[in-house]
Every structure is written in C-alpha cells, then in structure tokens.
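Notes follow once the structure below has been shown.
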Amino acid sequence: MGMLKEFKEFAMKGNVVDLAVGVIIGGAFGKIISSFIDDVITPLLLSPALKAANLSKIEELTIFGGVKYGMFLSAVINFIIVAFVLFLIIKGMNATKKKEAEAPAAPAPPPAQEVLLTEIRDLLKK
C-alpha cells in the first residue's frame, strides 16, 4: 500500500502535472504548425517551385527515384517555425521577469550591531 501512496504523491506533484499539460499543449501546437505549413506556407510560398516540379504537395518531392526529401524538408520547416515561436514566447516571459526584477526592493534595515555602533559614534562625537 505504501508504494501506491508514493506513486500518488509523485504523480500529483506540480511538476508532473505541468509536464503533462505541456505535452498535451505541445501536441496540439504541433498539429497547428503542421496545418500552417501544409495549408498556408506551402501554397503561398512554395507553389511556384512545386508547379515547376509538377507536384501538388511538398511531401511528394523525391530524389534518386524514391528518396522522399520533401517530407524531411517539411519537417525542417515545421521545426524552424516551432522553435521561432517558442523563442518569442520565452523572450516575452524573460522580459516580464526582468521588469519584475528591476523593481527595486526596499533596502534592508542595518543589523542591530551597526545601529548600536552608530549611536555610540554619534554620542562620542558630542
């Protein structure tokens, strides 16, 4: 029974739940990026090159009679877009953290020893 309790504590930690949510969101985000590449980028930017090669999709690009480098090219474009979007998100998060960190904190009061020493110094001056 102790092992089940330990597993429950492990699974319910914030980090594990956050990771699970991140994986699910990442999967959905990957589908959005794939659709963006297949349905927007390829028709707009790559259609002249594909028409010149008598192809309708980037995945149909082949070399040496059967090596489908078009699928690899599509995966590379997907990766670059995902990496760029994540870069922008992290850059924005870091900028907000910097603004929070730049807010000056109230100076800490001096230790009691220093207060006593300054009082003694002031009394000696008088």
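Just so you know, all these numbers are worked out from the coordinates, no wet-lab data involved. Nothing here was measured: the structure is a model prediction, and the numbers come from that model.
I want to verify a result. In a Gaussian network model of the chain, Cα cutoff 10 Å, which of these has the top mean-square fluctuation: MET71, MET12, MET93?
For the chain, modelled as a Gaussian network with Cα springs under 10 Å, the answer is MET12.
Given the DSSP H assignment, sum -39500 (n - 2.57) over each helix run of at least 4 residues in the chain and divide by its residue total; what's the result at 222 nm in deg cm²/dmol, nearest 500?
Calculated from helices alone, the mean residue ellipticity at 222 nm is -23000 deg cm²/dmol.
Only helices at least 30 Å long along their axis, Cα-based, and averaging 0.0 or more on Kyte-Doolittle count here, so list those DSSP H runs from the chain.
Flagged H segments are 14-36, 69-102.
Check segment 2-121 and count each lysine pair with an alpha-carbon distance under 18 angstrom, considering only pairs eight or more places apart or from different chains.
Going through segment 2-121 pair by pair, I get 5.
Averaging sequence separations of C-alpha pairs under 8 Å and six or more residues apart, then dividing by the length of the chain, give the relative contact order as a whole percent.
14
For segment 2-121, count all C-alpha to C-alpha pairs, find those more than 25 Å apart, and express that count as a whole percent of the total.
The proportion of pairs with Cα distances above 25 Å equals 60 percent.
So between LEU55 and PHE36, what do we pick up on full extension, going 0.36 nm a residue minus the alpha carbon distance?
Gain on stretching LEU55 to PHE36: 5.0 nm.
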